[in-house]
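Visitor: The structure under discussion is supplied below as structure tokens; questions concerning it will follow.
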Amino acid sequence: MVTDDSDRVRQPRERPALRRDAAENRTRMLAAAGRAFAEHGLAAGMEDIARLAGVGPATLYRRFPTKDLLVSELVAAFYDKLVVLADEASEQPPGTGLELFLRAVGQHIATSRGFLPRTWGEFARPEQERRLRELTTGLLVEAQQAGLVNDQLTLTDVGMIVWGMRGVIETTGSIAPDAWQRHLDLVMAGLRAERVTFSQPPLNTRQMDRVVTRG
């Protein structure tokens, strides 16, 4: 029996284009949501986001039925980008990656502040959190071995530095959007001190996890 394979040959040809269009629409909708939230915070409406993305509200709701789902997608993409930034920093000359990473993190927070969760690290997937801790630990150890930061600094201290940057970014907002850079300059100057007398011990990882999950 002879079968006609022409349908099987023709049909798949359109599917890659459809998938590509769907991916491009998703990227455009997420970018539009980021812009809308940066300007209006989480009060930005889904209709406004659809208009910015150049799609109909029905298209946006079909991909993201609720605003919470849209925000969770943005947050997941945010942490994915942090992993990429940490990877890139780890490829820099030994010791220099930690400061470069912190500056990249500050910039990333500043451009994403409209939709980020209240607590740094909240809503990160376990694999994202694990990879970020692994990469950040490596950056910290290299900076200490190179003598660029003092050897008392811990991974949780790095986390608190990020919390501090986040606080400055949220406080200054659009009035002084680059103020966090001066804040980080001051912090890095302190980290370069050979010895620091601390009034309190560093947070341990269990305490930091509790802070993050408390929200």
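The values are calculated or read from the model by the stated rules, or taken from the named source; none is laboratory data. Just so you know, these numbers come straight off a predicted model, no measurement behind them. FYI the Cβ positions are ideal-geometry reconstructions off the backbone, even for glycines, and counts take in every protein chain you see. We work out accessible area using only protein heavy atoms, side chains counted, and drop any ligands, DNA or RNA first. Shrake-Rupley method; radii C 1.70, N 1.55, O 1.52, S 1.80 Å.
Visitor: I want to confirm something. Restricting to region 57-72 and keeping residues that are open to solvent by 50 Å² or more (accessible area, probe 1.4 Å), touching a helix residue (DSSP H, G or I) at 6+ places or on another chain (Cβ under 9 Å) and touching a residue at least 12 places away in the same chain (Cβ under 8 Å), which single residue is nearest to residue 125 (Cα to Cα)?
Guide: Filtering region 57-72 for residues that are open to solvent by 50 Å² or more (accessible area, probe 1.4 Å), touching a helix residue (DSSP H, G or I) at 6+ places or on another chain (Cβ under 9 Å) and touching a residue at least 12 places away in the same chain (Cβ under 8 Å), the one nearest to residue 125 (Cα to Cα) comes out as 67.
Visitor: So for region 104-121 (the condition being among the aliphatic types (A, V, I, L, M), at pLDDT below 90 and more than 30 Å from residue 194 (Cβ to Cβ)), does at least one residue qualify? Walk me through it before giving the result.
Guide: Pass one, region 104-121, residues among the aliphatic types (A, V, I, L, M): 104-105, 109-110, 116.
Okay, now just the ones that are also at pLDDT below 90, so 116.
With more than 30 Å from residue 194 (Cβ to Cβ) added as a condition, the list becomes 116.
Scanning region 104-121 turns up at least one residue that is among the aliphatic types (A, V, I, L, M), at pLDDT below 90 and more than 30 Å from residue 194 (Cβ to Cβ).
Visitor: Can you confirm whether residue 162 is β-branched (Val, Ile, Thr), outside any loop (DSSP other than H, G, I, E, B) and over 16 Å from residue 98 (Cβ atoms)?
Guide: No: the conditions fail for residue 162.
Visitor: Residues in region 48-56: is at least one in a helix (DSSP H, G or I), within 16 Å of the chain's Cα centre (by Cα), farther than 19 Å from residue 126 by Cβ and of a type outside the set (Phe, Trp, Tyr)?
Guide: No; the residues of region 48-56 include none that is in a helix (DSSP H, G or I), within 16 Å of the chain's Cα centre (by Cα), farther than 19 Å from residue 126 by Cβ and of a type outside the set (Phe, Trp, Tyr).
Visitor: Moving to a separate point now. Restricting to region 126-140, give me the number of residues that are farther than 12 Å from residue 191 by Cβ and surrounded by 15 or more Cβ atoms within 10 Å (Cβ to Cβ).
Guide: Total satisfying the criteria: 9.
Visitor: From the list 208, 165, exactly one residue is under 21 Å from the mean Cα position of the chain (by Cα) and under 24 Å from residue 38 (Cβ atoms). Which is it?
Guide: After ruling out the rest, the residue left standing is 165.
Visitor: If I filter region 159-198 down to residues being polar (S, T, N, Q) and modelled with pLDDT of 90 or more, which single residue comes out as nearest to residue 137 (Cα to Cα)?
Guide: Of everything passing the filter in region 159-198, 181 is nearest to residue 137 (Cα to Cα).
Visitor: Which of the residues that make up region 173-202 are open to solvent by less than 30 Å² (accessible area, probe 1.4 Å) and either outside any helix (DSSP H, G or I) or in contact with a Phe, Trp or Tyr (Cβ under 7 Å, 6 or more places away or on another chain) (or both)?
Guide: The answer is 173, and nothing else.
Visitor: On the given criteria, is residue 84 without any contact (Cβ under 8 Å) to a residue 24 or more places away in the chain, in a helix (DSSP H, G or I) and open to solvent by 20 Å² or more (accessible area, probe 1.4 Å)?
Guide: yes
Visitor: Can you run down the residue pairs with Cβ atoms below 7 Å, 6 or more apart or on separate chains, where the first is in region 174-193 and at positive phi and the partner is in a loop (DSSP other than H, G, I, E, B) and at pLDDT 95 or above?
Guide: none
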